[in-house]
1. For residues in the stretch 1-14 being touching a helix residue (DSSP H, G or I) at 6+ places or on another chain (Cβ under 8 Å) and not in a loop (DSSP other than H, G, I, E, B), which is nearest to Gly61 (Cα to Cα)?
2. Quick one: is Val8 surrounded by 10 or more Cβ atoms within 10 Å (Cβ to Cβ), touching a Pro at 6+ places or on another chain (Cβ under 7 Å) and under 14 Å from Met74 (Cα atoms)?
3. How many residues are more than 18 Å from Thr2 (Cα to Cα) and part of a loop (DSSP other than H, G, I, E, B) if we restrict to the stretch 30-57?
4. In the stretch 15-29, how many residues are exposed (fewer than 14 other Cβ atoms within 10 Å of the Cβ) and in a helix (DSSP H, G or I)?
5. For the stretch 16-63, name all the residues that are farther than 14 Å from Met74 by Cβ, of a type outside the set (Val, Ile, Thr) and touching a residue at least 40 places away in the same chain (Cβ under 8 Å).
6. Being within 18 Å of Pro11 (Cα to Cα), of a type outside the set (S, T, N, Q) and in contact with a Leu (Cβ under 8 Å, 6 or more places away or on another chain) is the filter here, so list the residues in the stretch 41-70 that pass it.
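Bear in mind these aren't lab numbers, they're just calculated from the coordinates by the rules spelled out. In this text the structure is predicted, and so the values were computed from the model without any measurement. Glycine also receives a Cβ, built like all others from the backbone with ideal geometry; neighbour counts cover every protein chain displayed.
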Amino acid sequence: MTKFLASVEDPTQRSDARKLVRMLRDATGAKPTMWGDKLVGFGRYDYANASGAPASWFRIGLSPRKRDLTVYIMPGFARSKDAPEEAGPAQDGKVVPVHQALGRCGR
């Protein structure tokens, strides 16, 4: 995971990803783990996929993309109606708030 974060080209994106890893580690109490080659996850979420087979994923994770730092939050997260203002600029996907600069968030 350390090697992956060090490979992020943009210095702001790299710094934001490292800060977010520390924040999520502190918030979840879980150790960051690589899921594939571009996702850092915390905790484990077990579920049945569409075909009914058991599957696992992280509870919360992140990926520094070229344009954005993407945070993945799995089911069970209840978004506060105030969350967008508290969290800073973001776009909502199904379970993916996207932050363009962590420095513009409340931390």
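1. To start, the set of residues in the stretch 1-14 that are touching a helix residue (DSSP H, G or I) at 6+ places or on another chain (Cβ under 8 Å) comprises 1, 5-6, 8, 12, 14.
If we keep only those that are not in a loop (DSSP other than H, G, I, E, B) too, we end up with 5-6, 12, 14.
Working: Leu5: 13, Ala6: 17, Thr12: 19, Arg14: 15 Å.
For the stretch 1-14, the residue satisfying everything is Leu5.
2. On the way: surrounded by 10 or more Cβ atoms within 10 Å (Cβ to Cβ): yes; touching a Pro at 6+ places or on another chain (Cβ under 7 Å): yes; under 14 Å from Met74 (Cα atoms): no.
So Val8 does not fit the description; no.
3. From the stretch 30-57, those more than 18 Å from Thr2 (Cα to Cα) are 44-57; that's our starting set.
Now restrict to residues that are part of a loop (DSSP other than H, G, I, E, B): 44, 49-53.
Of the residues in the stretch 30-57, 6 are more than 18 Å from Thr2 (Cα to Cα) and part of a loop (DSSP other than H, G, I, E, B).
4. First pass over the stretch 15-29, keeping only residues exposed (fewer than 14 other Cβ atoms within 10 Å of the Cβ): 22, 26-27, 29.
With the extra rule that they be in a helix (DSSP H, G or I), the set shrinks to 22, 26-27.
Count: 3.
5. Those that are farther than 14 Å from Met74 by Cβ, of a type outside the set (Val, Ile, Thr) and touching a residue at least 40 places away in the same chain (Cβ under 8 Å): Asp16, Ala17, Lys19, Leu20, Met23.
6. First, pick out the residues of the stretch 41-70 that are within 18 Å of Pro11 (Cα to Cα): 62-70.
When the remaining residues are screened for being of a type outside the set (S, T, N, Q), the result is 62, 64-69.
Hits for the stretch 41-70 are Leu62, Pro64, Leu69.
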